[in-house]
Structure formats: C-alpha cells, structure tokens
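What follows is one structure encoded as structure tokens, with my remarks underneath.
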Amino acid sequence: MSSTDPTDPIADALLGESTYERLRVQRYALIKRRIPRKLAWQSGLLCVLALIVPITATYPSSVRAAFPGGNPLWSSPLVLWVGVYAGAIQLGTATCLVAVSIARHRREPGLSESEADTLLNIEDVASMFGLATGGFAILLTVGFFLVGHAGIETFEAVIESAPRDPFEQTVISVPVVAVGTAAAVSSCVLYLLSRYLSLESH
C-alpha cells in the first residue's frame, strides 16, 4: 500500500491503493478505529477482568468468611459466569478481527469492493460485540466483586436485594483465580497481536 500523505490519514485512505481503507473511512461505524487499536482496547478490558483476583484476595476477613471455606479466590460465584461469558466474547470477537486483518492483507491490492464490504461488516459486528457487549459484562462483573470491599453489611445487603444471590456457588466449579489468570494471559496475547498488526500495517 502506498501512502499519499502520512499527516492526513483520511486523505491517505481515500487516495491510496487500499479498497478496504477507502471504504472504511467512507462508511458509518460507531467504532471507527483500526483493528490493532480495537485489539488493544480488548486487551485492556481483559486486564480489567483479571483484577477480580487481587480484588477477592484482599477482601476483609468478614467478607472472606461468607465464601465456602473462607477462600473467595477458589470459589465459583454465580456472577463469575458473567465474566466467563464476557471473556469468551472478547476472545471470539478478537479472533474475528485478527482473521479480517489477515484476509485483508493477503488479498490486497486485489480486494474487490464487495469483499472489502463483507470484511468491514464482520469487523463492525465483532467490534460492537467485543467492546460494547463484552465490555459492559466485564465492568458488571468487576463491579459486583468490588462490593466486597464496601464491608460485610453492604455485601449482605446486595445479596438480600438481588433476585438471586450473585455470590451463590455454581454447580460447575470455575474458580475466580482460574478466570482471572486466563484473562491476564489472554490480555497479554491480544496486546502482542495488536502491536504486531500495527507494525504490519505500516
């Protein structure tokens, strides 16, 4: 791909050889950033999800006692599954974004408008699910875990006011420490991918 004006990315996209970039700047999208930046944001969201480990590890003793065995790190509360689904959404949509980026670079400069439009549609859907839906689910999960640091009274009040105990132990045991560790590792992988794709696009 040739660069016509590095100081003006929009003009560069419109006048350059990339059909994908030209269509990208012409079409409406809620999230306009390029794929490497989106992957970096998803990496950040997974890093936020990984915070459930230090959050639960530093609970006051009164809150820790409310969990089975007094060890919240190895508990599997119901709300944790929101984080599990959110993490799966991040990884699934990130995979789509990486696949779009690879397909785009392999086909250019011979990428047709219809092919570019299809790739952009996939990118838009993956971006919305990953950054909006998945991001909200991660913030909700971390928010519930932070309740434990508000004290045992607030913790019990949240449990009593909820339609179902968000800290109820699930039948399928997936411990907090496992989800947090997986999120941290995945965050590092996505960040490295974002840096690699960013270098490849230059």
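The values are calculated or read from the model by the stated rules, or taken from the named source; none is laboratory data. Just so we're clear, the structure is a prediction, and the values are computed from it rather than from any experiment. Please note: Cβ atoms are built from the backbone with ideal geometry, for glycine as well, and neighbour counts cover all protein chains shown. Side chains are part of the model used for accessible areas, which takes the heavy atoms of the whole protein and leaves out ligands, DNA and RNA. Shrake-Rupley method; radii C 1.70, N 1.55, O 1.52, S 1.80 Å.
For a paramagnetic label modelled on Thr133 (point 7 Å from Cα along Cα→Cβ), amide N atoms under 11 Å away are absent within the stretch 161-193.
Overall, the chain carries a charge dipole of about 240 debye about its Cα centre when +1 sits on the Cβ of Lys and Arg and -1 on the Cβ of Asp and Glu, all other atoms neutral. All C-alpha pair distances within the chain, sorted into 10 Å bins from zero, spread as 9, 31, 25, 17, 12, 7, 1 percent across the bins. Given springs between every Cα pair under 10 Å in a Gaussian network model of the chain, which of Pro72, Pro36, Pro109 has the largest fluctuation? The residue that fluctuates most here is Pro109. Computed on protein heavy atoms with a 1.4 Å probe, the accessible areas place Trp41, Trp74, Trp81 in the order Trp74, Trp41, Trp81, largest first.
For the chain, relative contact order (Cα pairs under 8 Å, six or more residues apart, normalised by length) works out to 38 percent. Where is the GNM fluctuation largest for the chain (alpha-carbon springs, 10 angstrom cutoff): Leu190, Leu51, Leu30? Of the options given, Leu30 has the highest mean-square fluctuation. Solvent-accessible surface of the stretch 54-200, taken per residue with a 1.4 Å probe and all protein chains present: 51 Å². Place +1 on the Cβ of every Lys and Arg and -1 on the Cβ of every Asp and Glu in the stretch 54-200, take the dipole about the Cα centre, and give the residue among Val185, Pro163, Leu146 whose Cα lies farthest towards its positive end. Of Val185, Pro163, Leu146, it is Val185.
For the set Thr154, Thr170, the ranking by accessible area, highest first and with no ligand, DNA or RNA atoms included, is Thr154, Thr170 under a 1.4 Å probe. In order along the stretch 149-158, phi translates into HN-Hα couplings of 8, 8, x, 5, 5, 5, 4, 5, 5, 5 Hz, rounded to whole numbers, per the Karplus curve 6.51 cos²θ - 1.76 cosθ + 1.60 with θ = phi - 60° and x for Gly and Pro. Can you tell me the FRET efficiency between Leu192 and Val158 if r is taken as the Cβ-Cβ distance and R0 is 41 Å, rounded to the nearest 0.05? So the FRET efficiency works out to roughly 0.65. Computed from the C-beta positions of Glu108 and Leu199, the FRET efficiency with R₀ = 25 Å rounds to 0.90.
Between the Cα long axis of helix 135-146 and the first principal axis of the chain there is an angle of about 20°, rounded to the nearest 10.
Only DSSP H runs of four or more residues enter the estimate; each adds -39500 (n - 2.57), and after division by the residues of the chain the mean residue ellipticity at 222 nm equals -20500 deg cm²/dmol.
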